[in-house]
Amino acid sequence: MISQLFILSSKGDLLINKNFRGPSSRPSVTDGLYLKLSSLPADQAPVVTEYDGCHFIHTRHRGLYFVTSISDSDSPFMYIDLLNRLASLIQDYCGDLSEAVVSLNFALIYELLDEVLDYGYVQTTSTEMLKNFIQSDPVVSKPFSLLDLSTVGLFGAETQQSKVAPSSASCRPVLSSRHQQGEHNEIFLDVIERMTVALGSNGSLLKADVQGELRLKTYFPNCPELRIGVSEEFCVGSSEVRGYGSAVRVDSCQFHESIKLDEFENCRILKVLPPQGELKIMQYQISDSLTTTLPFHLFSSLERDAASSRLRIYLKLRCDLSPKSQAINVRVQLPVPKGSSGLSQELSSPDQSAEFLPSAQSVIWNVPRICGGSQLSALLKVDVSGCLSVPSLMDLPPLNLSFQIPSFTSSGLQIRFLRLRGERPVPTHTWVRYLTQSDSYSVRLG
Amino acid sequence: MPYLGSEDVVNDLKRALSNPHIQADRLRYRNVIHKVIRHMTQGVDVSSLFMEMVKASATVDIVQKKLVYLYMCTYAAHKPDLALLAINTLCKDCSDPNPMVRGLALRSMCNLRMPGIQEYIQQPILRGLRDKASYVRRVAVLGCAKINALQGDLEVDAAVVNELYSLLRDPDPIVLVNCLRALEEILKGEGGVVINKPIAHHLLNRMAELDHWGQSEVLTFLLRYKPRTEEEVFDILNILDSFLKSTHISVVMGATKLFLVLAKEFTDVQRDVLARLKVPLLAACTSESREMCFAALCHVREILRSFPGHFSSHYKKFFCSYNDPHYIKQQKMDILCELVNDDNVLNVLEELRVCCTDVSVQLAQTAIFAIGRIARTYSEKCVKILAGLLEFKQEHITSAVIQTFRDLVWLCPHCTSSVCLVLPGCDEIIQDNEGKQALIWLIGAHGELVPNAPYIVENFVDNIKTETSSLVKMELLTALVRLFLSRPAECQDTLGRLLYYCIEDETNMAVRDRGLFYYRVLFSGIEEVKKVLSSPTSDPSLGFLMDRTEQPINTWVSSFNTLAPLFGKKHCETPGTNTSQLNISCAVDHLLSVEPVLAMDSADLQDNSETFTLIRNVVITPELFEKKWITEDVICRLNTDWKEGVLPDTLQAFLQKMNIYTIAKSRAGTQPWKSYIYAQDDKENLFLAELIQDTDTSSLLMSVKASTGDEEALRIFISLLKSAVADILDLSR
């Protein structure tokens, strides 16, 4: 049971405030709570906070705090799940989630909360069911235009392919179609994989984890049954053998309860009646047994300038993707010794950049784009005050890569087809998008 | 916070709301109302607009209606007289043909929270309970709970309760769950909603229709149901089975808890369920939502309390990712310590070693302490890694490593020589007080193994004027006196200077007193000093105690899937320190009067035998104790009653007066609390005993071993123990 729920902005402003059990809380609760949350460094705030005799649980989404007070015998999983669900509901209905969106659409969000929670109890959170009750129209900060359809690719990537859905296409309110009749019936299927990799200093693989999910976003009211064919070589567990080619092997996978799996065993077809809004169809995990090669290898060498107190860092980044694909927004974060001050750089192309972050004690090398099969190098010179001993070069924490690779799955999973079953053909657009990303691809030094 | 100029804003809004032109234009009217709500959210007091807002509620525009109702629910308590004006509109809406309007009006009416509203909402709610639209019924059911809360301590309306119980059979699943919630609130005074056999089975059969929120909640309600027969338990478990496979972790956790509770007596079933929980829980541990990860990791720790190796084969899942937040990294490192076994120890240590050099000081120290914990089992490998870390000459790393070494040497004396080799040079790097204290203690206790120990200490003595911490100074005094005993020639001069400084120049009383104390002890001769400072420098039996015993699952089941595991250790260990003080002093007060009685008791027992006396000040080494304990068999097990709230420490103090000594015990508040005691009589019979106390069972379990064949003496020893426990319980009554 929830007694209060609020959404705080990153600066602690109260954006949404709902009391389910009478106005018992003093207004100072939110201020005090915010102070308590923000007094700790950003990544240290505990999930559960005790304040003023109540237990508050909070989650963070795009800088917003979703906070709720619950009693200590309640299930934490349920309420964390609920706060996450609220965030995605707001995203479904308002198209996006940010401080501006929440404050523009506060009436809509209150309306949502009213239907989702009554007297602090969850009523329903399904986008499909809620849409019958939600009357307010979302206020979209930037009008959605189809004009930029072909120019901008997925996640800001410019691609040469002609049929690419715009990145903003799936960032629009689910319900807009009610007022704009004759809009496209669109279905997006995103295959998103998150990699967590750790490589030893000699390039050996220490750990590789992939969390993948199939996410369906539907802008199609009363959509008929959708059949999704995934790779025929898709195997679950280590013992199953299918097909002749290299198998797409996952350790475990979970399906949403609305998925019909009767054809999955034989033909690897998932059947679903997609509700409007977002639906996580399938989640899967792979650990340590990647069939594809790792997308990146990074070689570094550190060298001390005998004459000056300078550290020369050579970095070589090799992208082992196939030449057709490319990685974007590659960001290499390289830790530097204590007492580093300035940075000078020699990079191979002008669109790359390198900067020194004193707060994180590291140097960031930004590469906007790297094609498969190519290799980039950088020479960074860091001014280090004080003497540099060899061990102090050895004790640097691992360097880290973050990147996105569109149209690529590290597991090798592919969607064979996306078919709607219907008596009469309805003009629909279906899009399948692949993305592999990582924000934790660490390579150990020395 | 009221904003400056908020009065003008309110006046502007008032004017706009009563402007007929705006009222005529639906969009503009709605916009003004939007503004009112926005100000309300930001904390501006807009209650003076109540009259105008009530007027705005009479509209066909549903969005506007919703906004106005939201406003009214917030301010009705302040303006009850004006709110009555709105009742009319609301009542009319309650019989609107559109179920959405009916539901909205009913919900808003129940949310008004003002005195005297009950009489108006009674009828609409009763009608709502029988409404043909499930949406209205959902609202009406919760409305019953709301009215009940408004009425306060008034009597529970039996008719409503019956109606709600019958609505448990409603075809709409949300109505069903709402009924449970409402009954729970209404019947709070009587212990909540009754889950009897028909209701439990009804709920189980309807489970599949509910959404996952409903399932999670119903699973919690079902915890209350106690099946009669074993057969029924297994029937229920069979039905629940499918929920263990749910994609929603909250349902899985709820089902797991119910499984564990129902199968209290069947440990294999519990073990089996926890094995099945592995996959979903590990998936949650790597979930995208960090908060979810954290909750899952905390529950992994709970499970590890009973099955230390449960996740060992998945240890790589608990390696830290680069951008995990601190609270997750810390949990992961703690978990890794528990998962170490012969196969993975190298990989785990390598992973932790990398964390030791983290940019964050706090994380680095956590990692170093984690290695220290593993060192209790794999000391050689860990000491090597820790010694390697010293080469980085980083202040925080060195300090943490030295503190770890101090604890390690205390628990595993065989590491002492390798630790002492790396100590030289650390004194220049360590800056913080904890690190300095640890280093000084190590040098004092094991100075004979560190070649340049006197010079390290001399450095500290030379800089004593700039030292601010009194604790460091006291540690230094003790260490130097100890070192003086083992290497007198090298230390005499330094010790003289230190004592002179402490007695003449030091302003801190505690340090000065300590200095004076050592001065006087030294004055009375070297033998005296040796006696004073001959305390042990290691205590391996403590490690023997600190070994995590596998706790039964039932100790943590009740807090499983609640917030308690998320609070971690700090929150759980809150021993009542005040009461313990009281009890000890109280016990000591009575000791004198009790002791003769005890003597008498034993005299009674010893009628036919020779006298039985326990020798005072018997000292045996922990090693000897451990050896004896392992070789001897348990001769006698006793289970006596124990009262909750009585602290076992009191018993310790009491036993000591009877010449029964403690060799090792767990910290107060630990569950289960353990202690090892020993005693020796004048015929060299040695008695050993283990006391285990569990608050859950409120009993004290004593296992006695003895290295003797003298049954008579054993019988007397046991009766002594028994009477001691009985006396303690009497005293603390």
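The values are calculated or read from the model by the stated rules, or taken from the named source; none is laboratory data. Since the structure is predicted, the reported quantities are computational estimates derived from the model, not experimental observations. Every residue, glycine as well, gets a Cβ built from its backbone with ideal geometry; the counts of neighbours run over all protein chains shown. The protein model used for the area step is the full one, side chains on, heavy atoms only, and it has no ligands, DNA or RNA in it. Shrake-Rupley method; radii C 1.70, N 1.55, O 1.52, S 1.80 Å.
Within the range A:201-235, the set of residues being open to solvent by 10 Å² or more (accessible area, probe 1.4 Å), among the small types (Gly, Ala, Ser) and within 14 Å of another protein chain (Cβ to nearest Cβ) comprises A:Ser201, A:Ser204. Residues satisfying the criterion are absent from the range A:45-63 (criterion: at pLDDT below 80, part of a helix (DSSP H, G or I) and either open to solvent by 20 Å² or more (accessible area, probe 1.4 Å) or β-branched (Val, Ile, Thr) (or both)).
Scanning the range B:265-281 for residues that are facing chain A (nearest Cβ under 8 Å) and out of contact with any strand residue (DSSP E or B) (no Cβ under 6 Å at 6 or more places or on another chain) turns up just one, B:Pro280. Residues in the range A:88-145 that are closer than 25 Å to A:Leu273 by Cβ, away from chain B (no Cβ under 11 Å), in contact (Cβ under 8 Å) with a residue 40 or more places away in the chain and β-branched (Val, Ile, Thr): A:Thr127 only.
Would it be correct to say that B:Pro454 is open to solvent by less than 50 Å² (accessible area, probe 1.4 Å) and either within 23 Å of B:Ser534 (Cα to Cα) or out of contact with any Cys (no Cβ under 9 Å at 6 or more places or on another chain) (or both)? Working first, answer last.
Values: open to solvent by less than 50 Å² (accessible area, probe 1.4 Å): yes; either within 23 Å of B:Ser534 (Cα to Cα) or out of contact with any Cys (no Cβ under 9 Å at 6 or more places or on another chain) (or both): yes.
Taking the combined requirement at face value, the residue satisfies it.
Entry remark, the range B:169-212: residues being of a type in the set (D, E, K, R) and part of a helix (DSSP H, G or I) number 8 in total. Considering (1) assigned to a loop (DSSP other than H, G, I, E, B); (2) at pLDDT 85 or above, the lone condition that B:Ala510 does not fulfil carries the number (1). Among the candidates A:Ser289, A:Ser359, A:Ser341, A:Ser349, the residue that is open to solvent by 10 Å² or more (accessible area, probe 1.4 Å), touching a residue at least 40 places away in the same chain (Cβ under 8 Å), in a loop (DSSP other than H, G, I, E, B) and hydroxyl-bearing (Ser, Thr, Tyr) is uniquely A:Ser289.
Among the listed residues B:Glu291, B:Glu302, identify the single one that is among the charged types (D, E, K, R), open to solvent by 10 Å² or more (accessible area, probe 1.4 Å) and without any contact (Cβ under 8 Å) to a residue 24 or more places away in the chain. First the steps, then the outcome.
Working: B:Glu302 fails: without any contact (Cβ under 8 Å) to a residue 24 or more places away in the chain.
Within the list B:Glu291, B:Glu302, the selection yields B:Glu291.
Here's the yes/no breakdown for (1) touching a Pro at 6+ places or on another chain (Cβ under 8 Å); (2) modelled with pLDDT under 85:
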| site | (1), (2) |
| --- | --- |
| A:Arg249 | no, yes |
| A:Asp262 | no, no |
| A:Gly277 | no, yes |
| A:Ser287 | no, yes |
| A:Ser325 | yes, no |
| A:Pro337 | no, yes |
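Yes or no: B:Ile62 at pLDDT below 85 and either surrounded by 19 or more Cβ atoms within 10 Å (Cβ to Cβ) or closer than 19 Å to B:Asp93 by Cβ (or both)? Even if it seems obvious, please write down each step before you answer.
Working: at pLDDT below 85: yes; either surrounded by 19 or more Cβ atoms within 10 Å (Cβ to Cβ) or closer than 19 Å to B:Asp93 by Cβ (or both): yes.
Yes, satisfied.
Report whether or not B:Thr220 is open to solvent by 20 Å² or more (accessible area, probe 1.4 Å), modelled with pLDDT of 90 or more and in a helix (DSSP H, G or I). Considered against the rule, which asks whether it is open to solvent by 20 Å² or more (accessible area, probe 1.4 Å), modelled with pLDDT of 90 or more and in a helix (DSSP H, G or I), B:Thr220 comes out as yes. Scanning the range B:306-314 turns up one or more residues that are open to solvent by 20 Å² or more (accessible area, probe 1.4 Å) and within 12 Å of chain A (Cβ to nearest Cβ).
Can you tell me which residue is nearest to the other protein chains (Cβ to nearest Cβ) among those in the range B:71-102 that are open to solvent by less than 60 Å² (accessible area, probe 1.4 Å) and in a loop (DSSP other than H, G, I, E, B)?
Step one: list which residues in the range B:71-102 are open to solvent by less than 60 Å² (accessible area, probe 1.4 Å), which gives B:71-77, B:79-80, B:82-83, B:86-87, B:89-91, B:93-94, B:96, B:98-102.
Restricting the remaining residues to those that are in a loop (DSSP other than H, G, I, E, B) gives B:76-77, B:79, B:94, B:96, B:98.
Values: B:Ala76: 10, B:Ala77: 7, B:Lys79: 13, B:Cys94: 16, B:Asp96: 15, B:Asn98: 11 Å.
If we take residues in the range B:71-102 being open to solvent by less than 60 Å² (accessible area, probe 1.4 Å) and in a loop (DSSP other than H, G, I, E, B), then B:Ala77 is nearest to the other protein chains (Cβ to nearest Cβ).
Residues being within 12 Å of A:Asp137 (Cα to Cα) and either assigned to a helix (DSSP H, G or I) or open to solvent by 10 Å² or more (accessible area, probe 1.4 Å) (or both): count how many of those fall in the range A:70-108. Walk me through how you get there before you give the answer.
We begin by selecting, within the range A:70-108, every residue within 12 Å of A:Asp137 (Cα to Cα); these are A:93-95, A:104-108.
With either assigned to a helix (DSSP H, G or I) or open to solvent by 10 Å² or more (accessible area, probe 1.4 Å) (or both) added as a condition, the list becomes A:93-94, A:104, A:106-108.
Final tally of qualifying residues: 6.
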